[in-house]
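Undergrad: My structure is below; once you've seen it, I'll send some questions.
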Amino acid sequence: MAVEASAPGKVILFGEHSVVYRGPAIVLAIDKRARVVAQKRSDSRIFFDALDLGFAGYFEGGRYHSVVGKPRRGRSLEAFNMAAVKTMEHLGVESGVSLSIRSEIPIAVGLGSSAAVSVATVAAVGALLGGGLPRDEVCSLAYEGEKVVHGTPSGVDNNISTYGGILMFERDVGFERFELDHSPPFIIGNTRWKRSTRRMVERVRMLRNRNQRVVDDIIDAIGCIAGEGLAALRRADLERVGDLMNINHGLLASLGVSSPELELMVHASRRSGALGSKLTGAGGGGCMIALAEDASIPRIEKAIQRRGGESISVNISHEGVATREVG
Ligand code: PMV
């Protein structure tokens, strides 16, 4: 028997970085998914096939052994290995498993690809070896994997990948899920510059250590924007949502997490008619998000592409993690 689990990527609309400390973030699941197919093995290896990304290998006794690609590629699999190991510990079973990873989510650009793979890994292993896990357990086991890559993540990514839809998430508080009766037209611009979330979070932490009162005020202002932004989104006041995205971007830039490429694309989108635009995710590269009326979308997409970016059209996905038997 084999089990396939899939989980969505995400965009953060408001509240990245501030959510690491306090206050809410507003996050949307997107219709780009990571898929993991799990199968039992007769040995004790946890074998990963990520051949779409050019590598495959296995963990045995906690060590990575490369089969295809450079051994250092194993570092990006450590989180998923940890997610699989923690899931087996949780189930009280020991088994070798083969995990085949395929993903539509671009990696390391702030769209939640690693959390989506961690969530799908836990769900696939949980279904294969334990007959399925409830979502809250999938979410918290995936968080164990995320901690390996990101240090002390807020938990926003594994929550949205597990539950899907639109969440207001707050660290140590939890989340509330929202539905909209309209679909706001968002455009994502990918600068194609990969960056490490851990490093960007560390950069903000160092700035805060040197300037605590000022940075804490900025963190609180972003939390306030997230609350107001959700209210505006729910009443379909897109002009207000746009204003708040612009203010949120300015505050993120003041925390040092923008980049020249992001600035170019954020401002080009506004000049091409976006109601608002901001970086999304950890910043320092990665992606930006723009909100626009339908008529302006082609101009904004062209503006992003002319600045060297890739424009990605996404819809909100209401489906969180899902599993099914295959083959
Ligand atoms: O990994 P990214 O780019 O989706 O960023 C996650 C959002 C942060 O707030 C920067 C970090 C976190 O743990 O919440």
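Undergrad: Please state the charge dipole magnitude for region 1-146, taken about the Cα centre, from unit charges on C-beta atoms (+1 on K and R, -1 on D and E), reported in debye and rounded to the nearest 20.
TA: 320
Undergrad: From largest to smallest, what semi-axes in whole angstrom does region 44-161 give when each is the square root of 5 times an eigenvalue of its alpha carbon gyration tensor?
TA: Calculated on Cα positions only, the semi-axes equal 20, 18, 12 Å.
Undergrad: May I pose another question? Considering the Cα positions of the chain, please state its Rg to one decimal place and its Dmax as a whole number of Å.
TA: Cα only, the chain: 19.5, 59 Å (Rg, Dmax).
Undergrad: With unit charges on the beta carbon (Lys/Arg positive, Asp/Glu negative), name the residue among I300, F178, G227 whose Cα is farthest towards the positive pole of the charge dipole of the chain.
TA: Sorting the options by dipole projection puts first I300.
Undergrad: How much mean residue ellipticity at 222 nm does the chain get from its helices, if each DSSP H run of length 4 or more adds -39500 (n - 2.57) and you divide by all residues, to the nearest 500 deg cm²/dmol?
TA: The helix contribution divided over the chain gives -13500 deg cm²/dmol.
Undergrad: Taking N as the number of residues in region 187-298, what value does Rg over Cα atoms divided by 2.2 N^0.38 Å take?
TA: 1.08
Undergrad: May I pose another question? Could you sort the peptides 100-108, 272-280 by per-residue average Cβ neighbour count (10 Å cutoff), highest mean leading?
TA: 272-280, 100-108
Undergrad: So what are the radius of gyration and Dmax for the Cα set of region 39-96, in Å?
TA: Just the Cα atoms of region 39-96 yield Rg and Dmax of 11.2, 33 Å.
Undergrad: Choose one of L51, A79, L251: the residue whose Cα lies farthest towards the positive end of the charge dipole of the chain (beta-carbon charges +1 Lys, Arg; -1 Asp, Glu; about the Cα centre).
TA: Farthest towards the positive end: L51.
Undergrad: In whole angstrom, note down how far apart the Cα centers of region 257-300 and region 128-197 are.
TA: 22
Undergrad: In the structure shown, do any of K194/K278; K278/K302; K32/K194; K194/K302; K32/K70 have a Cα-Cα gap over 20 Å, and if so which?
TA: Table pairs above 20 Å Cα-Cα are K194/K302; K32/K70.
Undergrad: When the C-alpha atoms of region 180-252 are aligned to their principal axes, what extent does each axis show, in angstrom, from largest down?
TA: 42, 32, 17
Undergrad: Share of antiparallel DSSP beta bridges in the chain, in percent to the nearest 5?
TA: So the antiparallel bridges amount to about 95 percent of the total.
Undergrad: What helices in the chain pass both tests, a Cα length along the helix axis of 15 Å or more and a mean Kyte hydropathy of -1.0 or higher, using whole DSSP H runs?
TA: Qualifying helices, which must be both long enough and hydrophobic enough, are 78-91, 113-130, 135-150, 212-234, 238-254, 260-271.
Values in this text are rule-based calculations from the coordinates and carry no lab data. All values reported here derive from a predicted model rather than from experimental measurement. Glycine also receives a Cβ, built like all others from the backbone with ideal geometry; neighbour counts cover every protein chain displayed.
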